[in-house]
Amino acid sequence: MVAFSCANLPDTLVEDELFGHEKGAFTGAFLGRQGKIEAANHGSLFLDEVGDLPMGLQPKLLRVLQERSFERLGSNRNIEVDVRLISATNHNLADLVKQGKFREDLYYRLNVVELHLPPLRERRDDISLLAHHFLQKYAQVFKKNVKRFSPSTLAAFEQHDWPGNVRELENIIQRSVVLSEGQTLELSSLPAAFRGPDPEPAVPPNFTPETTTFSYENELRRFKRNLVLRTLNQYGWKKAESARALGVARGYLHRLINQLEIREQEEPVIGSSSRTNPPTAIM
């Protein structure tokens, strides 16, 4: 299997890469060079982004498909090849044919068996499978003990549109594995776009400022969240120093950040009491 991408390359370079050249074919050609087509003889040639193949080279590729032969640059010698051609493109080739940007005869020679791969947002059943594959892969690469996703993380993956398709998914998980500390990849490890807007504070039914009594659990959670946020901001978001100031282990601080859904560089709630001395330890 020999692979080559036709995208974003000058015409002369694409021609040289595909067909090769003879010694002295152009300035600087001190040695002959085998091209990708010749290298793939008795095998498969994968042409990525074939829709970007220059118009001037399309007849030469068509000849390879029809005659199974070609000539190197600077040579009159005919080279016969037996190559299976597999091509891919993000363009609609039928539309390019109508626009006169792709040869119709080459299009029909390529389009013997067509496989349409829908974007990731149209095959959401694949998201979880791919996510777990990449999680296992990058946990091994970075030697991290991440083993699973939290339900909120998987839900965020399901709701995202994935304009970058599988490459975007892989990139996000690679980044998140690097930042994760525990065995579960939490929503807080994902970029801000996945976490959505800040949730509105819960307001009990029949709320009035004079009569509302907040629960002990909510008040305790609010106190812990503001305490951790103030400490992180005071110590420049350095986790080790913040953990020492709070009197807790660094791993426990990371769990608190995940449990309290604290985002990187988030500011404390306006109106909360500020302190210049190190905060009291969390019990």
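Amide H contacts for Ala3 (H built 1.01 Å from N in the peptide plane; partners 5 or more residues away or on another chain; cut-off under 5 Å): Phe46.
Note on His42 and Leu117: with the Förster distance fixed at 35 Å, the Cβ-Cβ geometry gives a FRET efficiency of about 0.80.
DSSP assigns beta bridges within the chain; of those with both partners inside it, close to 25 percent run antiparallel.
Comparing Thr27, Thr153, Thr231 in a Gaussian network model of the chain (Cα springs below 10 Å), the most mobile by mean-square fluctuation is Thr27. The spacing between the range 217-260 and the range 172-190, judged by their C-alpha centroids, is 18 Å.
When only Cα pairs below 8 angstrom with a gap of at least 6 residues are kept, the range 12-87 shows a relative contact order of 37 percent. Sequentially through the range 26-36, phi angles give Karplus couplings (6.51, -1.76, 1.60; θ = phi - 60°) of 7, 4, x, 7, 7, 9, x, 9, 7, x, 4 Hz, Gly and Pro residues having no value and appearing as x.
For the chain, the relative contact order works out to 11 percent when only alpha carbon pairs closer than 8 Å and six or more residues apart are counted. Listed by chain and number, the aspartates and glutamates whose alpha-carbon sits under 19 Å from that of Lys101, ignoring those within fewer than 8 places in the same chain, are Asp11, Glu15, Asp48, Glu49, Asp52. The relative contact order of the range 14-172, computed from alpha carbon pairs under 8 Å that lie at least 6 residues apart in sequence, is 18 percent. Summary of the geometry: the range 88-148 and the range 1-50, compared by the centres of their Cα atoms, lie 24 Å apart.
Were the residues from Gln140 through Arg175 laid out at 0.36 nm apart, the gain over their Cα-Cα distance would be 11.2 nm. Between Glu17 and Ala192, the distance separating the two model label sites (each 7 Å from Cα on the Cα→Cβ line) works out to 3.7 nm.
When you count the other C-beta atoms within 10 angstrom of each residue and take the mean per peptide, 124-135, 13-24 line up highest first as 13-24, 124-135.
Which one, (1) -0.60, -0.88; (2) -0.30, -0.69; (3) -0.40, -0.80, gives log10 I(q)/I(0) by the Debye sum over Cα atoms at q = 0.08, 0.12 Å⁻¹ as derived from the coordinates shown? Matching the structure shown: (1). Calculated mean residue ellipticity at 222 nm for the chain: -12000 deg cm²/dmol, from DSSP H runs with n ≥ 4 weighted as -39500 (n - 2.57), summed, divided by the residue count and rounded to 500. When you count the other C-beta atoms within 10 angstrom of each residue and take the mean per peptide, 141-148, 96-103 line up highest first as 96-103, 141-148.
Across Glu181, Glu122, Glu80, mean-square fluctuation computed from a Gaussian network of the chain (C-alpha pairs under 10 Å connected) peaks at Glu80. With a threshold of 26 Å on the Cα-Cα distance, the over-threshold entries among Lys143/Lys224; Lys144/Lys224; Lys23/Lys60; Lys147/Lys224; Lys36/Lys137; Lys147/Lys239 are Lys143/Lys224; Lys144/Lys224; Lys147/Lys224; Lys36/Lys137.
Quick note: the coordinates plus some simple rules give every number you see, no bench work behind them. On a predicted model such as this, the values are computed, not experimentally measured, just so you know. Note that each Cβ is placed from the backbone with ideal geometry, even for glycine, and that neighbours are counted across all protein chains shown.
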